[in-house]
Amino acid sequence: MPHFAPVRVRGGRYQLRRLTRHRRRAVAAGLAVTAAALIAAGPHDAERARGHPASTATSASSSAAASAHLRERRAVEMVTAPVRIADAATVRLLRRGDRVDVVAADSGGEARVVATGARVTEVPQVDAVETGALVVLSVPRTTAARLAGASTTSRLAVTLC
């Protein structure tokens with residue numbers, strides 16, 4: 001068998017050095033590829049804003065399927081709602097992370113549950129001058145609207161869950 005010289009690939013020795021010298025270019029190229037992949041995998045309906053229901057549907061079955069798909073994708077948006085509770089002593093029992101139900105009592109003695117399972121996010125310092133005490137709750141946006149409406153016409157109380 002004849003003797004062959006070793007096979008050498010041109011420039012192989014310096015590829016690592018070249019890569020470290022041009023690291024910024026490599027990172028920029030990697031970020032560009034990642035951005036392109038994220039855009040390609042993103043929502044395919046670019047004409048409407050994300051999270052809003054479709055404005056037109058061709059038939060009842062397609063609109064029902066579209067609304068079911070949107071409900072499945074959309075997460076419940078949580079907001080923080082400051083709520084004044086009528087009994088300040090009850091608020092002193094609360095700690096951050098507690099779950100509470102908020103009950104609204106009308107002047108006629110009628111009571112109704114306004115929010116269930118609301119998470120306490122903050123319990124500000126209770127002032128001796130004020131009536132009641134403030135509690136900050138994390139609730140869905142629709143529940144926050146109900147809490148704001150109930151606080152204008154009723155006295156609010158909390159029960160620990």
Just a yes or no: is a residue in segment 92-105 without any contact (Cβ under 8 Å) to a residue 40 or more places away in the chain, surrounded by 15 or more Cβ atoms within 10 Å (Cβ to Cβ) and not basic (K, R)?
no
Checked against (1) at pLDDT below 90; (2) basic (K, R); (3) within 26 Å of the chain's Cα centre (by Cα); (4) closer than 30 Å to T131 by Cβ, R92 satisfies every condition except (3)
Pick from R119, R96, R146: which is under 24 Å from E77 (Cβ atoms) and assigned to a loop (DSSP other than H, G, I, E, B)?
R96
Look at A105 and say whether it is at pLDDT 90 or above, in the same structural domain as V136 (by TED's automatic domain parsing) and touching a helix residue (DSSP H, G or I) at 6+ places or on another chain (Cβ under 8 Å).
no
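The values are calculated or read from the model by the stated rules, or taken from the named source; none is laboratory data. Everything numeric here is computed off the predicted structure, so don't read it as measured data. Methodologically, a virtual Cβ is constructed for each residue, glycine included, from the backbone with ideal geometry; neighbour enumeration extends over all protein chains shown.
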